[in-house]
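Scroll down for the structure; my scribbles are underneath it.
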Amino acid sequence: MKRGIYRIKGARDKKKEPGESLGERLARLFEIPGEICGNRPKVTAIGRGEVLIENFKGIMDFQSDMIRINTNNGIIKVTGEGLTIREITNDEIIIGGKISNIDYDA
């Protein structure tokens, strides 16, 4: 019986994306959604009145018309009127108010 190291078919065919972590590569290989294993931010806008940002690192700037959130992939800037932080945990933040823009800065 022949012994050795065997590769999974197709694992070599797919190219690694820049900045992709080991967890994200494994998630892609096993077809698991990337946000479950990765540390990339997930931004969900609910209408124009609420934004949920998951996997954030911290708040960089807070004003009533602009909030800047630090993430592993850069800064997310939310602008609008009467912005407030409705809820915050270690992993996610919910911003409320009249939202006009969501910008991604590298």
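Remark: relative contact order (region 48-103) = 38 percent; criterion is Cα-Cα distance under 8 angstrom and separation of 6 or more residues.
So if the hydrodynamic radius of region 34-83 is defined as the Kirkwood radius over C-alpha pairs, what does Stokes-Einstein give as its diffusion coefficient at 25 °C and 0.890 mPa s, in µm² per second? Taking Rh from Cα pairs, D becomes 213 µm²/s.
All of the numbers you see were taken from the coordinates with simple rules; none came from a lab. Remember, predicted model here, so these are calculated numbers, not experimental data.
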